[in-house]
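Here's the structure, in structure tokens; my notes come after.
Taken together, the values in this text are just the output of simple stated rules run on the coordinates, not laboratory data. Every value quoted in this text rests on a predicted model; they were computed, and no experiment measured them. Reconstructed Cβ throughout: ideal geometry from the backbone, glycine too, with neighbour counts over all protein chains shown.
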2 protein chains.
Amino acid sequence: MEFRIARGEVFLRVIAILLLVLTAFLVVFDTQTKVVFLTIEKKVTYKDVDVLKILLYVSSSAAGYNMLQLCKYSCSSKGSYEMCMVWISLLLDQIAVYLTFATNTALFEAAIFAFTGSEAFQWLKVCNKFTRFCEQIAGAILCCYVASILMAMISIISAYKVFRMYSPKRFLRLKGK
Amino acid sequence: MEFRIARGEVFLRVIAILLLVLTAFLVVFDTQTKVVFLTIEKKVTYKDVDVLKILLYVSSSAAGYNMLQLCKYSCSSKGSYEMCMVWISLLLDQIAVYLTFATNTALFEAAIFAFTGSEAFQWLKVCNKFTRFCEQIAGAILCCYVASILMAMISIISAYKVFRMYSPKRFLRLKGK
């Protein structure tokens, strides 16, 4: 039965890694050049927007972290060391999912401003000029949200793996071995 | 011992509610009027910025939800009904913390744009005009982040309450009663 959870977790992690890597690729290879005025060209890349750079770092780190977690399956551990490992997994999984989700939502907010502009702040729309650039970023945001949901499910599995070890009667007491 | 977890959870929820309510108040009562040009005055409130409105709704809902969770302690439940309740609590806690954290991070991103402007998008700084308004929003963001961290801790406690009921050996099998 242990096998069934492990298989589910590996499956979720692999899909999450693929989506995170896809997000990173969509961000890195997103570039558009447009004639702004007569012959003056303007080129936009992810480097022009801070939050895109941050999303790139966060999604690559999250993909790397999930990759490490997959490697963990090859070396099995037992006893108090195992208990320590599942706790660390739970905490790192939580940090990874919150970071990814938050960075992606920050980018989503920036994208909304770029798409609609802001009357109150007197900010102009950007996406009507750089439409293709924006569309690719929208794809990246979508991928990253799906990856975040999968990672949230993984962190629930991690919590299950930690807390089922504890007694249902006594506070933070491990079950008799 | 059950009492100790319950006490910790109630304490965390009460602090989280206070911080969420404080966030909502900081957002609602944040207003600044400034002379923009000669005698033309401009007044900014939370209604001018969509993400502030959304944060207001989310933080009030999260405070209300945590209040309901506190009420739950007055009526105790047993058996399969209890198991159903802890699962629902876990899922709602997760949704509440992700929503609050994400909305707050979206506001944080908007605040960064308002504070620094954006050269790439040709957006002007706003916070140098409406400094006091921005400072109060910064306070709201800080409160909401602390509340989010507390709610993340609450959701870990919820996960503990659910998963310690399960057998450490068999997959999703409840411990013998």
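FRET efficiency for the B:Lys129 to B:Tyr57 pair, using the beta carbon distance and R₀ = 25 Å, is estimated at 0.40. For the range A:15-69, the alpha carbon convex hull comes to 59 Å³ per residue, rounded to a whole number. Peptide B:91-99 is shielded by partner chain Cβ atoms: per residue, an average of 2 of them sit within 10 Å of its Cβ.
Taking the longest Cα principal axis of chain A as reference, the axis of helix A:2-28 is set at about 20 degrees.
In this rough spin-label picture, where each label sits 7 Å from Cα along the Cβ direction, the B:Ile149-A:Val10 distance is 3.8 nm. Checking the Cα-Cα distances for A:Lys129/B:Lys34; B:Lys53/B:Lys129; A:Lys43/B:Lys43; A:Lys43/B:Lys53 against a 29 Å cut-off, the pairs over it are A:Lys129/B:Lys34; A:Lys43/B:Lys43; A:Lys43/B:Lys53.
Scaled against the 2.2 N^0.38 Å expected of a compact globular protein of N residues, the Cα radius of gyration of the protein assembly as shown reads 1.14.
Can you give the percent of C-alpha pairs in the range B:20-177 whose distance is more than 29 Å? Every Cα pair in the range B:20-177 considered, those over 29 Å come to 37 percent. With contributions of -39500 (n - 2.57) from each DSSP H run of at least four residues, the per-residue ellipticity at 222 nm computed over chain B stands at -24500 deg cm²/dmol. Packing here is the average count of other Cβ atoms within 10 Å per residue, and on that basis the peptides B:7-19, B:151-163, highest first, run B:151-163, B:7-19. Roughly how many whole Å is it from the C-alpha centroid of the range B:51-118 to that of the range A:129-157? After rounding, the separation between the Cα centres reads 21 Å.
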